[in-house]
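Asks: Here it is: the structure, laid out below.
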Amino acid sequence: MQTLRASKCGLSTTQLPAYILDVIDALTKAGYEAYIVGGGVRDLMLGLNPKDFDAVTNATPSQVKEVFGRRCRIIGRRFELAHVYSGRELVEVATFRAPPKRAVTSAAGMILRDNNWGTIEQDFARRDFSINALYYQPRKGIVLDFCHAVDDIKSKTLRLLGDPTVRFEEDPVRMLRTLRFAAKLNFNIDPAILEIFTPEMTQLLRDVSPHRLYDESQKLFTMGHLNRVLPMLIDFGIWRQLFADIKPDITPFIELAAKNTDQRIAIGKTINPAFFYAVLLWKPFLERCDFYLSKGVIPAEARAQAGLDVLKRQATRTVIPRFAETFIREVWEMQTRLLNPKPQQIAALSNHARFRAGFDFLLLRERSGDAQTQEMGTWWDQYQTMSTDEKERAIGQYNRQRAKSRRKAAQEEHLEQQLNAAQTAEIEPLVNEPEPRSRRARKAKQQEDARAQVASTSSSNGSGIGADHPILKRKRVQRDLSQVIFGPTQ
Ligand code: ATP
Ligand code: MG
């Protein structure tokens with residue numbers, strides 16, 4: 001173990017926010033050891049802006065609770081932690097951890113419960129990467145380095161502590177963390193990790209709870225380097241574990257949305273983490289819509305059911321919370337409204353809570369070459385910057401254009417119907433099968449016809465709905481549209 005001068009590592013208390021110093025000081029004053037550890041120390045050393053600061057101590061969670069009283073809450077079961085509120089910030093205070101006892105690991109070696117307190121040396125060995133295992137005591141001005149982590153920071157190397165195979169087996173989420181840190185910090189992954197990071201290894205992610213995988217996926221989406229990590233997810237076989245039904249293909253739409261997400265984060269704009277799920281699942285959603293439409297389901301029902309189906313399938317990998325699901329379905333539903341708005345609803349639509357997200361989504365589709373948007377993204381873009389008079393004129397013009405294209409469509413449809421009628425009249429069956437003469441032969445034919453009927457219904461319904469499925473029986477409900485502006489997507 002090396003004790004380094006903090007100033008030599010480029011660290012000083014002036015870089016630290018008051019809330020973390022407050023937590024370290026209170027623990028020290030109560031007689032405990034306390035350090036800043038993890039991403040905060042790592043990022044400061046790299047000259048980056050840390051997302052947050054985590055503290056670690058030899059005080060147990062209940063002792064931390066004694067120190068901070070009502071400002072402290074103990075959370076977690078598998079991994080018990082103290083949450084300390086300092087001003088308006090929340091600091092995670094972990095207790096030094098010893099190796100887990102045998103009884104709490106699964107047959108595959110995965111750690112199921114992990115509340116065995118230990119020494120700082122033991123705690124160090126439990127951390128994932130060397131660069132995440134530096135202990136900084138800001139008041140003493142020292143950094144404890146147990147494994148030449150500072151050298152890894154200098155050489156930009158991501159190195160797992162211990163045997164990489166064992167560390168991935170203990171917690172398969174470390175595979176996602178590997179890609180996240182490599183992309184975020186632009187570090188090289190240690191060859192010892194690359195060697196064992198195989199598609200077979202990624203299968204272990206099947207044993208991780210879909211809730212935890214959702215949280216991790218959100219960290220991937222919001223770390224500011226989504227565009228860099230996406231190809232890595234495909235190359236390392238992680239994509240297939242996280243998004244079962246999404247083809248591992250970075251379409252222009254996905255790429256543009258990823259770049260846009262990173263840009264927004266870079267300039268400090270907010271992002272809704274579920275937005276990128278809406279992007280990823282857009283294609284499967286459209287395909288599922290087409291499936292229902294081909295069964296004769298009315299479009300609104302088809303969209304609603306397709307949305308439910310796609311999200312339900314994704315939940316087998318990453319459980320998307322209910323509020324995020326609603327957001328995603330509303331963004332999708334907004335696409336229909338924004339593409340073909342009723343003129344009298346345009347003003348109300350532009351004030352709708354989901355307008356912004358729906359519009360951003362539409363514009364990204366358009367800018368990535370999706371011709372289906374019929375340049376309505378640009379139309380809405382311009383609409384928003386117009387004065388009230390200009391808006392009225394734009395709506396008038398849109399209305400006339402819409403009426404014109406409707407007339408044209410109606411004419412075309414009429415023409416097509418006439419053509420079809422003429423064609424049907426002309427087309428004769430290619431083969432006229434004579435009715436069998438004998439009773440036995442007639443019965444055999446009837447049976448064969450019945451079998452063919454069953455086969456055709458089941459083959460066309462291979463993806464899930466039968467002819468008696470309720471969705472095919474639903475009728476369009478007449479709604480009083482003057483009352484309904486934009487209801488929830490149900
Ligand atoms: P970020 O910048 O995303 O906050 P971080 O390194 O601080 O990165 P956290 O998830 O906040 O990551 O975790 C804090 C620290 O806890 C890590 O730096 C690491 O030392 C340890 N840690 C977190 N998750 C794991 C894990 N799955 N296995 C081992 N150690 C972990
Ligand atoms: Mg952190």
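The values are calculated or read from the model by the stated rules, or taken from the named source; none is laboratory data. Worth saying up front: this structure is predicted, and the values here are computed from it rather than measured. With ideal geometry, Cβ positions are generated from the backbone for all residues, glycine too; neighbour counts draw on all protein chains shown. Quick note on the areas: whole protein, heavy atoms, side chains included, nothing else; ligands and nucleic acids left out. Shrake-Rupley method; radii C 1.70, N 1.55, O 1.52, S 1.80 Å.
Asks: So what does Phe146 come to for accessible area, using a 1.4 Å probe and Å² rounded to 10?
Replies: Accessible surface of Phe146 is approximately 40 Å².
Asks: In segment 173-219, what is the volume of the convex hull around the alpha carbon atoms, normalised per residue and reported in Å³? Please list the in-between numbers first.
Replies: Details: hull volume 3.0 nm³, N = 47.
Measuring per residue, one finds 64 Å³ for the Cα hull of segment 173-219.
Asks: Find how much the distance from Ala30 to Glu413 grows on full extension, using 0.36 nm per residue of separation minus their present alpha carbon separation; answer in nm with one decimal.
Replies: 129.7 nm
Asks: Okay, next question. If r is the Cβ-Cβ distance from Ile250 to Lys443 and R0 is 56 Å, what FRET efficiency results, to the nearest 0.05?
Replies: Details: r = 58 Å, r/R0 = 1.04.
The formula returns an efficiency of 0.45 here.
Asks: Identify the residues of segment 23-59 with backbone N under 15 Å of a label point that sits 7 angstrom from the Cα of Gln122 along the Cα-to-Cβ direction, or state none.
Replies: Under cut-off, by backbone N: 57-59.
Asks: Taking a 31 Å limit on the Cα-Cα distance, which of the listed pairs Lys65/Lys140; Lys283/Lys342; Lys29/Lys156; Lys259/Lys312; Lys259/Lys295 fall beyond it? Please list the in-between numbers first.
Replies: Details: Lys65/Lys140 24 Å; Lys283/Lys342 26 Å; Lys29/Lys156 36 Å; Lys259/Lys312 27 Å; Lys259/Lys295 37 Å.
The answer is Lys29/Lys156; Lys259/Lys295.
Asks: Please arrange Arg77, Arg407, Arg288, Arg42 by accessible surface area, largest first, computed with a 1.4 Å probe and ligands excluded. Before the final figure, lay out each step's value.
Replies: Numbers: Arg77 170, Arg407 145, Arg288 55, Arg42 10 Å².
These residues rank, largest area first, as Arg77, Arg407, Arg288, Arg42.
Asks: Accessible surface of Asp389 in the full protein assembly, 1.4 angstrom probe, to the nearest 10 Å²?
Replies: Asp389 exposes around 100 Å² with every protein chain in place.
Asks: Another question, if that's okay. Can you say what percent of the DSSP beta bridges in segment 1-204, counting only those with both residues inside, are antiparallel? Round to 5. Before the final figure, lay out the partial values.
Replies: Numbers: 26 of 32 bridges.
Just about 80 percent of them are antiparallel.
Asks: What per residue convex hull volume, in Å³, do the alpha-carbon atoms of segment 304-424 yield? Spell out each step's value before the answer.
Replies: On the way: hull volume 18.5 nm³, N = 121.
About 153 Å³ per residue, rounded to a whole number.
Asks: Thinking of segment 197-315 as a set of Cα atoms, what percent of all their pairs are more than 24 Å apart? Mind showing how you got there, number by number?
Replies: Values: 2336 of 7021 pairs.
The answer is 33 percent, as a whole percent.
Asks: With just the Cα atoms of segment 286-371, tell me how far they stretch along each of the three principal axes, in Å, largest first.
Replies: 38, 31, 26
Asks: For segment 1-204, I need the span (max minus min coordinate) of the C-alpha atoms along each principal axis, in Å, sorted largest to smallest.
Replies: Projected onto its principal axes, the Cα set of segment 1-204 covers 48, 40, 30 Å.
Asks: Carbon-plus-sulfur fraction of the accessible area of segment 252-319, 1.4 Å probe, in percent?
Replies: Details: 1810 of 3120 Å².
About 58 percent, which is the carbon plus sulfur part of the accessible surface.
Asks: Please compute the alpha carbon radius of gyration of segment 209-409, then divide it by the globular-protein estimate 2.2 N^0.38 Å. Two decimals is fine. Provide the component values of the computation, followed by the final result.
Replies: Values: Rg = 17.9 Å, N = 201, 2.2 N^0.38 = 16.5 Å.
Rounded to two decimals, the normalised Rg is 1.09.
Asks: Next up: Using a 1.4 Å probe and ignoring any ligands, DNA or RNA, find the accessible area of His148 and quote it in Å² to the nearest 10.
Replies: About 100 Å², ignoring ligands and nucleic acids.
Asks: Moving on. Could you provide, to the nearest whole Å², the per residue accessible area of segment 209-409 with probe 1.4 Å?
Replies: Numbers: 9940 Å² over 201 residues.
About 49 Å² of surface per residue is accessible.
Asks: Normalising by the residue count of segment 1-204, find the relative contact order in percent from Cα pairs under 8 Å and 6+ residues apart. Present the calculation step by step, with values, prior to reporting the outcome.
Replies: Values: 351 pairs, mean separation 40.3, N = 204.
Averaging sequence separation for qualifying contacts and normalising by length gives 20 percent for segment 1-204.
Asks: Something else about it: Determine the distance separating the Cα centre of segment 197-251 from the Cα centre of segment 274-293; give it in Å without decimals.
Replies: Segment 197-251 and segment 274-293 have Cα centres separated by 18 Å.
Asks: How much length is gained on full extension from Arg264 to Arg88, taking 0.36 nm per residue of separation minus their Cα-Cα distance? Don't jump to the answer; show the numbers that get you there.
Replies: Values: separation 176, 0.36 × 176 = 63.36 nm, distance 2.42 nm.
Result for the pair: 60.9 nm of gain on full extension.
Asks: Ok, one more. Using a probe of 1.4 angstrom, how much of the accessible area of segment 1-204 is carbon and sulfur, in percent? Provide the component values of the computation, followed by the final result.
Replies: Details: 4770 of 9490 Å².
After summing per-atom areas, the C and S share lands at 50 percent.
Asks: Shifting gears a bit: Using only the heavy atoms of the protein chains and a 1.4 Å probe, how would Thr270, Thr57 rank by accessible area, largest first? The partial results should precede the final answer.
Replies: Details: Thr270 110, Thr57 0 Å².
So the residues, ranked largest to smallest area, are Thr270, Thr57.
Asks: Over segment 209-409, what is the mean sequence separation of C-alpha contacts under 8 Å (at least six apart), divided by residue count, expressed as relative contact order in percent? Intermediate values should be presented prior to the final figure.
Replies: Working: 171 pairs, mean separation 43.5, N = 201.
With pairs under 8 Å counted, the relative contact order is 22 percent.
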